[in-house]
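Asker: Would you mind keeping the following structure in view while I ask a few things?
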Amino acid sequence: MIALIWKSLCHRKLQNAALIFSIAAGVAILFCMTAIYYGVDKGMELSRQRMGADLVVIYGGARLDPSVYLFGGATDNSYLPADTLEAVRAVPGIVRATPQFFTQKLSADCHDIGTKNRMIGYDPDSDWIVGPWLKQARKSGLNDHEVILGAKVPTWKQNRISVLGKWYDIVAIAEETGTTLDYSLLVSMAEARRVAAANPRMQASWQKYGVPEQWISAVLVQVDPEANLDAIVDRIQQLGFVKTIVAAEVKSRIQDQFAALGVLLGGAGVLTGLVSLFHLFARFYALTWERQAEWGLYLALGASSRTIAALIIGEAVILALVGAVVGLALGGVLYQIGLAVLDAYQAFPFVPASWQVLGILGLALAGSFTGLSALAAWLPAYEGSRMDPGTIMTRGECD
Amino acid sequence: MNYLLEVRQVSKCYGEERILNDVSLALAPGQALAITGPSGGGKTTLLSIIGLLQQATSGTVLIDGQDTGGLEPRQQTALRAAHFGFVFQRARLIHSLTALENVMVPAWLTREGKAAAARAQELLVRFGLAQRLDYRPQELSLGQLRRVALARALLLSPKVILADEPTNDLDPAAAAEVADSLLETCGRGTGLILVTHDPGLAGRTDRNLCLEQGRLIE
């Protein structure tokens, strides 16, 4: 029987190759789209759960997208007077506020950790943004040689990292956020200011506007849920040349964008899936139907209905499995490309699916395509096997 | 007398039309029986009913004395595989397989592949196809196709060969080759029922029956 299956598969090379390609394309697209949809959905869910700032106050001339500041670790050398923090804290309706200080990109070191990574000064005493992302609870305060790393900052040593010629002790690693915070190195405000002060490209600015100790990059604010948000924003704007990002608006806008993207991505995925599965069903059904005379001959020559079913399902399962395996490999490549694109133009949080999730997804897709193929192939054969062999043998004949 | 098979008062209707009307016959071991008659007279239908490929509307088919009427399809399949070798009106070979592989199909389907491999080759050699073992059906002549089909029918040493117009469309030389091969099997105790329009071939059998208007006439 295996010989018959193998001979039949080899005889219809072009037909089977087209079928395998068709299955592979369907599986690849579905795998990639589902995995990306999962990552975006998880990222948004995570940000909803853990992003604590209601308002972010930054320099009025800052040009980056507000969402970059909202989700942390902006690569922007724009600064506010340090006393803005106290002025913001004094606005009625504000529960708490914490400062951050952004430095330059970290590409000038012999241990180059990449241009996307950035050192951020934060104040552990007043912070409630970074803390929840740490895997282990920490006592407050950071020494000048201590650093907290984002989840995707590369390291060569387990407990230490060299940045711009200085070795730091890694005291904690934040959980993956799916945001630019994953590429951030969090140090004390004092250390961040020291690094910025030593930056040759910033020397002219410091000489003109004063030393870094007089500046901060952003104030992250939590407001009283009962307070009038618009009034608070107005009061902060009156402090002069600041831009106040309302997190709720940004989150809402991103979520609206995501909802639209989700509808497009999900809709396209569902349609692709349905089209692939219907196509597959129709193809296998037709292929088996066209070969009813052959199954009838096998019945006449002594094959049982069970043997016929095994032949037909065996062929379908082999084709579907090969297609699914090729499709999963292609889907994996597409997914990696998708991740790279998202990584380069990341405007919203993204949490990559774990190997376990990808494995389950792959198995589910392979199982669906294989099962459906087997069913589609078996149905006409089952129908035929209930007829007299003499009748079914004459099906599909033209003469 | 022990018959290989007996057909008792078999009738077959397609709607209102009665194709076979109380047909009876019996086949002894080693006997060759020819059925002739006009086209569309029900010869192929009778052969299909005898070979358990179709159900009769009424009547009985006994194989080795066993009434096949109440058998499940699975039991009929087993009986068919054990007793019959078919040579269909057209050769009905599988195009994806070589001549040798086509002969092997019944063995593969009944899981007797290894034991039958040598016999398949021996049969093809006996039928003059030693140089055509690896040819595919589309590379063989009509006469060669029929001989491959005959080898396939003989592979599992059936007790009865059912051959439907085995020499149809063949030139005289090829028809003679196929006829010789068929009749040769009877010398080994195998029963043969063949449907033919060829009076010469019918005349070489032990018994010659004519099917006219649904009835068998001696």
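Derivation of every value follows stated rules applied to the coordinates shown; laboratory data play no part. As the structure is a prediction and not an experimental result, all values here were calculated from the model. FYI the Cβ positions are ideal-geometry reconstructions off the backbone, even for glycines, and counts take in every protein chain you see.
Asker: Check cross-link reach from A:LYS208 to the aspartates and glutamates: straight Cα distance under 20 Å, and skip same-chain residues fewer than eight apart.
Answerer: A:ASP76, A:ASP83
Asker: Next question, about the same structure. Within the stretch B:23-67, list the residues whose amide N lies under 20 Å from a label point set 7 Å along Cα→Cβ of B:CYS210.
Answerer: Counting backbone N atoms under 20 Å from the label point, the list is B:23-26, B:33-47.
Asker: Calculate the spin-label point distance for B:GLU184 paired with A:ALA90, positioning each point 7 Å from the Cα along the beta-carbon direction, and give it in nanometres.
Answerer: About 11.7 nm, to one decimal.
Asker: Quick one: which residues, 5+ away or cross-chain, put their amide H under 5 Å from the amide H of B:ALA26? H built at 1.01 Å from N.
Answerer: Result for B:ALA26 returns B:VAL7.
Asker: I've got another one for you. First measure r as the distance between the Cβ atoms of B:ALA117 and A:LEU379, then evaluate 1/(1 + (r/R0)^6) with R0 = 35 Å and state the FRET efficiency to the nearest 0.05.
Answerer: Numbers: r = 34 Å, r/R0 = 0.98.
My answer for the efficiency is 0.55.
Asker: Can I ask one more? What order, most packed first, do the peptides B:195-207, A:362-374, A:4-16, A:23-35 have when packing is the mean number of other Cβ atoms within 10 Å of each residue? Don't skip to the end; give the middle numbers.
Answerer: Details: B:195-207: 17.2, A:362-374: 18.9, A:4-16: 15.0, A:23-35: 22.8.
Descending packing order for the listed peptides: A:23-35, A:362-374, B:195-207, A:4-16.
Asker: Now a separate question. For B:LYS43, what charge total do you get from the other residues with a beta carbon under 9 Å from its beta carbon, if Lys and Arg give +1 and Asp and Glu give -1?
Answerer: That sum, taken over residues with Cβ under 9 Å, equals -2.
Asker: Just to confirm a number: summing +1 for Lys and Arg and -1 for Asp and Glu over residues other than A:SER305 whose beta-carbon lies under 9 angstrom from that of A:SER305, what do you get?
Answerer: Computed value for this residue: +3.
Asker: Let me ask something else about it. Okay, helix-only estimate at 222 nm for chain B: each DSSP H run of n ≥ 4 adds -39500 (n - 2.57), divide by all residues, round to 500 deg cm²/dmol; what do you get? Could you put the intermediate results ahead of the total?
Answerer: Values: 7 runs with 77 residues, N = 218.
Value at 222 nm, helices only, nearest 500: -10500 deg cm²/dmol.
Asker: Using a 7 Å offset from the Cα along the Cα-to-Cβ direction at both A:VAL211 and A:ASP256, what is the distance between the two label points in nm, to one decimal?
Answerer: 4.7 nm
Asker: Additional query: Each residue of the stretch A:223-228 in order: what ³J(HN,Hα) in whole Hz does its phi give by Karplus 6.51 cos²θ - 1.76 cosθ + 1.60, θ = phi - 60°, with x for Gly and Pro?
Answerer: Here the 3J(HN,Hα) series is 10, 5, x, 7, 6, 7 Hz.
Asker: At 7 Å along the Cα-to-beta-carbon direction for both A:GLN237 and B:ASP134, put a label point, then send me their distance in nm to one decimal.
Answerer: 8.7 nm
Asker: Another one. In the Gaussian network model of chain B, springs joining C-alpha atoms below 10 Å, which of B:PRO38, B:PRO106, B:PRO137 carries the largest mean-square fluctuation?
Answerer: B:PRO38
Asker: Over all residues in B:46-56, what is the mean tally of Cβ atoms on other chains that come within 10 Å of each residue's Cβ? Walk me through the numbers on the way to the answer.
Answerer: Values: counts 0, 1, 6, 2, 0, 3, 4, 9, 5, 3, 0.
Per residue, the average neighbour count from other chains is 3.
Asker: If you count, for every residue in A:6-16, the Cβ atoms of partner chains within 10 Å of its Cβ, what is the mean?
Answerer: Values: counts 1, 7, 3, 1, 1, 5, 1, 0, 0, 0, 0.
Counting Cβ atoms of other protein chains within 10 Å of each residue's Cβ and averaging gives 2.
Asker: Over chain B, what is the relative contact order in percent, taking alpha-carbon pairs closer than 8 angstrom and at least six residues apart?
Answerer: Values: 418 pairs, mean separation 67.9, N = 218.
Once normalised by length, the contact order is 31 percent.
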